[in-house]
Amino acid sequence: MEAAINVNNIKKNYGEVNALKGISFDVKSAEMFGLVGPDGAGKTTTIKLLCGLLQPTGGSAELFGFDLVKDIVKIQKHIGYLSQKFSLYGDLTIDENIEFFANLHGVKDYKKRRNELLEFTRLTPFRTRLADNLSGGMKQKLALACTLIHKPNVIFLDEPTTGVDPVSRRDFWKILSNLQQDGVTIFMSTPYLDEAERCNRVALLNKGEVLSFDTPQNIKQSLNKSIIEIVCSPTLMAYKILKEKSSYEVQMFGDRLDIVVTEYEKDYGIIEKLLIENGIQMIDHRVIPSSLENVFIHLIGEIKDNAS
């Protein structure tokens, strides 16, 4: 499949701060691509660079074969950008907001397209409602409709479901899936690793560096270890005991511990004995498939170990 985006060793510095330390990846045409990482990882900086809103400090990138720096005017005709704080006009209706962005992009005969987008996002019954009176999920749908009014080939979405309720989030994902089926390339950033599972490929980003870049399935398999999920009480004390008195990698998720082991049969016995001897009540345990979150935490831990 043809690449829509090629990023080669892109760097971005803000003074002495290295926001991006030389990242590389590609995005295929009609792919749903996820840039995944915590706040401060460099996700927004990457998207702003690819939209031409920032200049790279080093490296290069191409979109549709156009050079990111030399051909940015040509590139911007083919892209849509939904930022974290998309600026809707609260005193305009849904219809009027879409009309405004159609005029902004020079779309003259926009009414048919607007009607299609309203049907697509299920906003038709609310088209006369002011943007200020919409729920968070409806505002995101309207923002997406405004982003799509000029039929971009690629849309960049910066954490589009942050702060959106679960029902609206599911609706939003259905809309994105339908867009992808229509041939639109979707480049999205998210802090939610469970969302990243829906993407064709993902890049795990941390402190301006790509830790892993592949399909979610391949990244999960790359751990090549077993995960024991343990339910015990008190959980926090168990976590501290394992961190202080064993060499096992332990990750805490609410009331559960995920422990990365090499051999389940041998390692679980050692873990169970250590916890019971230290007054921990064992409630349940099971072996689970590794998740993207397990792998991400593991990779960050490896970096810290190598640095120390």
Ratio of Rg to Rh over the chain (Cα coordinates, Kirkwood Rh, two decimals):
1.05
Relative to the present Cα-Cα distance, how much length would full extension add between K266 and L53 at 0.36 nm per residue of separation?
71.3 nm
Go ahead and set up a Gaussian network model of the chain, Cα springs under 10 Å, then flag whichever of M252, M188, M32 fluctuates most.
M252
Points 7 angstrom from Cα along the Cβ direction at E244 and R122: gap in nanometres?
5.1
Quick one: angle between helix 264-277 and the longest Cα principal axis of the chain, in degrees between 0 and 90, rounded to 10, please.
70
For segment 224-289, alpha-carbon Rg over 2.2 N^0.38 Å:
0.97
Which of the trypsin sites (Lys or Arg not before Pro) found in segment 208-308 are loop residues per DSSP with 10 or fewer other Cβ atoms within 10 Å of their Cβ?
none
Give me the net charge of N18's neighbourhood, meaning all other residues with Cβ under 11 Å from the Cβ of N18; Lys, Arg count +1, Asp, Glu -1.
+2
Using r as the Cβ-Cβ distance of R256 and Y192, and R0 as 25 Å, what FRET efficiency do you calculate, to the nearest 0.05?
0.85
Angle between the chain longest axis and helix 136-148 axis [Cα atoms, degrees, rounded to 10]
50
The equivalent-ellipsoid semi-axes of segment 156-308, taken as the square roots of five times the Cα gyration tensor eigenvalues and listed largest first in whole Å, are 34, 18, 14
What does the helix-only formula give at 222 nm for the chain: each DSSP H stretch with n ≥ 4 adding -39500 (n - 2.57), the total divided by the residues, and the result rounded to the nearest 500 deg cm²/dmol?
-11000 deg cm²/dmol
May I ask for the distance between the Cα centers of segment 164-187 and segment 94-161, given as a whole number of Å?
14
May I ask for the Kirkwood hydrodynamic radius of segment 19-168, worked out over all distinct Cα pairs and given in angstroms to one decimal?
16.6
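Where a number appears in this text, it was derived from the coordinates with a stated rule and is not lab data. Since this is a predicted model, take the numbers as computed values, not measurements. In this analysis, Cβ positions are derived from the backbone assuming ideal geometry, glycine residues included, and neighbour counts consider all displayed protein chains.
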